[in-house]
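Engineer: Pasting a structure below so you can have a look.
The values are calculated or read from the model by the stated rules, or taken from the named source; none is laboratory data. Since we're looking at a predicted model, the values are computed, not measured. Note: ideal-geometry Cβ built from the backbone for every residue, glycine included; neighbour counts use all protein chains shown. These area figures cover heavy atoms from the full protein model, side chains too; ligands, DNA and RNA do not enter into them. Shrake-Rupley method; radii C 1.70, N 1.55, O 1.52, S 1.80 Å.
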Amino acid sequence: MSRIKGCFAALQAENRKALIPFVTAGDPNPAVTVPLMHAMVEAGANLLELGVPFSDPMAEGPTIQKACERALEHGTSLHDVLAMVSEFRQTDTTTPVVLMGYMNPVEIMGYQAFATAAAAAGVDGLLTVDLPPEEAGELVAVLQAVEIDPIFLLAPTTVDERITKICAAASGFVYYVSLKGVTGAANLDVAAVEQKVVQIRRHTDVPIGVGFGIRDADTAQRVAAVADAVVVGSAVVNRVADNTESPEKINNAVAALLREMRVAMDAGPPKVGWMAKIFGIGK
Amino acid sequence: MSSEVADPAFTELPDPSGHFGVYGGRFVAETLMEPLDELTAAYERLKNDATFQAELDRDLADYVGRPSPLYFAERWSKLLGGAKIYLKREDLNHTGAHKVNNTIGQALLAKHLGKTRIIAETGAGQHGVASATVAARLGLECVVYMGAEDVKRQALNVYRMKLLGAEVVPVESGSKTLKDALNEAMRDWVTNVDNTFYIIGTVAGPHPYPMLVRDFQAIIGREAKQQIIEAEGRLPDALIACVGGGSNAIGLFHPFIDDSAVAMYGVEGGGDGVDTPRHAAPLCAGRPGVLHGNRTYLVEDDNGQIIETHSVSAGLDYPGVGPEHAWLKDIGRASYVAVTDDEALKAFHDLTKIEGIMPALESSHALAYATKLAPTMGRDKVIIVNLSGRGDKDIHTVAGLEGISV
């Protein structure tokens, strides 16, 4: 069983949801990343998303754009990111690691060379934001041959016909982008998310993660109530950005956020209905 | 492969999923896939719709001022001592460049799709002005993204866009130039996709943009073909056009692709030279990759990061190029060359003094290559150069480079 599959199976057995933090590798400098990965696992993360820095991150809001810029100031390349995963794997052989980024670095390294190196490093999944399944055939075949899961996005604009197609190509988990917008946006609508997750669930048994716009324990708890996994990106990266002067402060700030989310998610669905909460009913 | 004549089916490209060989395609975030499908379907329907075409033709005639003349640059041709050079006068269009051919077409699409808001990216500001112009005319809200560096370099066009009622948003991320403006426009689109139409200014981006922008610009080549046959009784021997994203070049080239005796030259911004790090010549000195929704040639480093480009011409200062050009290069149907900033500036002055026509710095690159090619050809040969825009917008840049304050 792949690490991702094993991770979700174990959580499901405990009736818990996956907490998936995202950090940009090499932000604010390459030495920070591996210790931060371990700190996140210790704070309750179940799966890690490691951003591969790119010069033109089209789907990112300002927070992750700046993280990419900080990482690229140190020249953090895809090769460097794979080396970080390798180092992480020396002491953690169980936590799944998914690389998240854009096509071009993978394109330039070459699909086969990337797949071989990523598998050797201990990468479990690859999410390329600008690679819809229509363009992914060749890469998916190469990844599956080395048992790396291609992770695909679903969006509020994705119609039923495409949901079917995407879920058929998906393994590991599918990532539902909770809103029309870029990472770090503020307009999360949990009711709409729930509706779409139910719609996606009709098409697949693969776990459904939800990301974009999850900023604190409260939103994490509400999203965990409707999805299998909660992906937290900009909120984590903001903690990194606010503490660039010290790796220790970064680890502490990120761990504190994840612990709050973990506790809230494990407490189960909010006792007061979230709608009531929004409108201040029942307080 | 490079000596083969284009496949007869070539002009049928792109394929239904937007590919020109291995190039093109649709490399975007999932949120945009459905809107792109909708746009493709609407365009396929409207391009064969007589009412839509009549509306487009009327706008091109009465609003843009088409057909643009094909002018024989007799004095310049004689001085160069070789082929006869004709200039396709896109500089005489409303708003001063070929860009409006495309924005008129896309604005009509926006109207038919019921979109109320237009966004655009711009480098030199010509596409931004052309977008703001058509938005003003149709009463649509217009937001133009422009790299903060370009906002400084092109203050006049920024003010023009504001006069036309557009909001100009300076983009402070990355290298603060055209590529970053495109990133930011994509981010806006993904956020406001319900009411917003993204008018891409060149033959790049995700399918169907490279196809539909080409189709709207192909009027340049269709007119030129008819005009040169009227003037010379035959097809030209060579076509020359500058290539940034490549919309004016593909517009001129496309109707001639099956005429295998017509040579086609695309001229990239060579900056300080393609053997230096400061250029904007992906076809001459880059390699294939994926950026801004399509696979094409890019100026990039060994790790797949996009490198900041340089050209004296803001309109050529872009690290990518339209995927159809990438394909034309690989199959050998078109040749791509680069000229330096200095060569382009010399051509700018030459045409201004010899013919009384002040070309845009972008178009000056095509003219500079004509000065190299024409003398190698006999006096009975014919070249058409696409004079894609006029140079008024560049007066401050040229004066600045020469230490003159105006």
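Engineer: What spacing in nm lies between the two simple spin-label points modelled at residue B:392 and residue A:198, each 7 Å away from Cα in the Cβ direction?
Structural biologist: 6.0
Engineer: Something else about it: Show me, for the stretch B:85-100, the HN-Hα J-couplings you get by feeding each phi into the Karplus relation (A = 6.51, B = -1.76, C = 1.60, θ = phi - 60°), rounded to Hz, glycine and proline as x.
Structural biologist: 10, 9, 10, 7, 8, 5, 5, 8, 5, 3, 6, x, 6, 5, 3, 5
Engineer: What does the C-alpha gyration tensor say about the overall shape of the stretch A:149-283? Classify as rounded when a/c is under 1.5, otherwise prolate if a/b is larger than b/c, or oblate. Intermediate results must be reported in sequence, preceding the final value.
Structural biologist: On the way: a/c = 2.01, a/b = 1.31, b/c = 1.54.
Oblate, since a/c reaches 1.5 and b/c is not below a/b.
Engineer: Mind giving me the FRET efficiency for residue A:169 and residue A:79? R0 is 22 Å, r the Cβ-Cβ distance, nearest 0.05 is fine.
Structural biologist: Step by step, r from the Cβ atoms, then E = 0.20.
Engineer: Can I ask one more? What do you get for Rg/Rh of the stretch B:260-359 when both radii come from the Cα atoms and Rh is the Kirkwood radius?
Structural biologist: Radius of gyration over Kirkwood radius for the stretch B:260-359 works out to 1.02.
Engineer: Contact order normalised by length for chain A, with contacts defined as Cα pairs under 8 Å and 6 or more residues apart; what percent is it?
Structural biologist: The value is 21 percent.
Engineer: Something else now. For residue B:38 and residue B:79 in one chain, what is 0.36 nm times their gap in residues minus the Cα-Cα distance, to one decimal in nm?
Structural biologist: Full-extension gain reported as 9.5 nm.
Engineer: Which of rounded, prolate or oblate describes chain B when judged by the alpha-carbon gyration tensor and an a/c cut-off of 1.5?
Structural biologist: Here chain B falls in the rounded category.
Engineer: To the nearest 20 Debye, how big is the dipole of the stretch A:97-201 about its Cα centre, given +1 on the beta carbon of each Lys and Arg and -1 on that of each Asp and Glu?
Structural biologist: Numbers: 5 positive and 12 negative charges, 48 e Å.
It works out to roughly 220 debye.
Engineer: What is the average number of partner chain Cβ atoms found within 10 Å of a Cβ in B:305-318?
Structural biologist: Average per residue, whole number: 1.
Engineer: With the dipole of chain A worked out from charges on the C-beta (+1 for Lys and Arg, -1 for Asp and Glu) around the Cα centre, which of A:131, A:94, A:213 lies farthest toward the positive end?
Structural biologist: Most positive-ward Cα: A:213.
Engineer: Just want to confirm a number: the relative contact order over the stretch A:59-133, from Cα pairs under 8 angstrom separated by 6+ residues, in percent. Before the final figure, lay out each step's value.
Structural biologist: On the way: 48 pairs, mean separation 29.6, N = 75.
With pairs under 8 Å counted, the relative contact order is 40 percent.
Engineer: Have a look at B:377, B:351, B:400 and report the one farthest towards the positive end of the charge dipole of the stretch B:341-406, computed about the Cα centre with Cβ charges (Lys/Arg +1, Asp/Glu -1).
Structural biologist: Going by the charge dipole, the pick is B:377.
Engineer: Where nothing but the Cβ of Lys and Arg (+1) and of Asp and Glu (-1) is charged, how large is the charge dipole of the stretch B:253-387 around its Cα centre, in debye to the nearest 20?
Structural biologist: 360
Engineer: List the relative contact order of chain B as a percent without decimals, with contacts defined as Cα pairs under 8 Å and 6+ residues apart.
Structural biologist: It comes to 21 percent, rounded to a whole number.
Engineer: Need one number: buried accessible surface between chains A and B, 1.4 Å probe, both sides summed, DNA, RNA and ligands left out, in Å² to 100.
Structural biologist: 2900
Engineer: With label points built 7 Å along Cα→Cβ from the Cα atoms of residue B:235 and residue B:272, find their separation and express it in nm.
Structural biologist: So the two model labels end up 4.2 nm from each other.
Engineer: Which FRET efficiency value, to the nearest 0.05, do you get for residue A:14 and residue A:145 by plugging their Cβ-Cβ distance into 1/(1 + (r/R0)^6) with R0 = 30 Å?
Structural biologist: 0.40
Engineer: How big is the charge dipole of the stretch B:94-156 about its Cα centre, in debye rounded to the nearest 20, if each Lys and Arg gets +1 on its Cβ and each Asp and Glu gets -1 on its Cβ? Mind showing how you got there, number by number?
Structural biologist: On the way: 7 positive and 4 negative charges, 35 e Å.
Here the stretch B:94-156 has a charge dipole of around 160 debye.
Engineer: Also, I was wondering about something else. For the stretch A:112-127, in order, what is each residue's ³J(HN,Hα) by Karplus, 6.51 cos²θ - 1.76 cosθ + 1.60 with θ = phi - 60°, in whole Hz (x at glycine and Pro)?
Structural biologist: Values, residue by residue: 5, 4, 5, 4, 4, 5, 5, 5, 5, 6, x, 7, 10, x, 9, 10 Hz.
Engineer: Averaged over A:127-134, how many beta carbons belonging to a partner chain fall within 10 Å of each residue's beta carbon?
Structural biologist: 6
Engineer: Moving on. I'd like the mean, over residues of A:42-55, of how many other protein chain beta carbons sit within 10 Å of each residue's own Cβ.
Structural biologist: 2
Engineer: Measuring from label point to label point, each 7 Å out along Cα→Cβ, what is the residue B:45 to residue B:349 span in nm?
Structural biologist: 5.6
Engineer: Next question. Heavy-atom accessible area per residue, the protein assembly as shown, 1.4 Å probe: how many Å²?
Structural biologist: So the protein assembly as shown comes to 36 Å² accessible per residue, rounded to a whole number.
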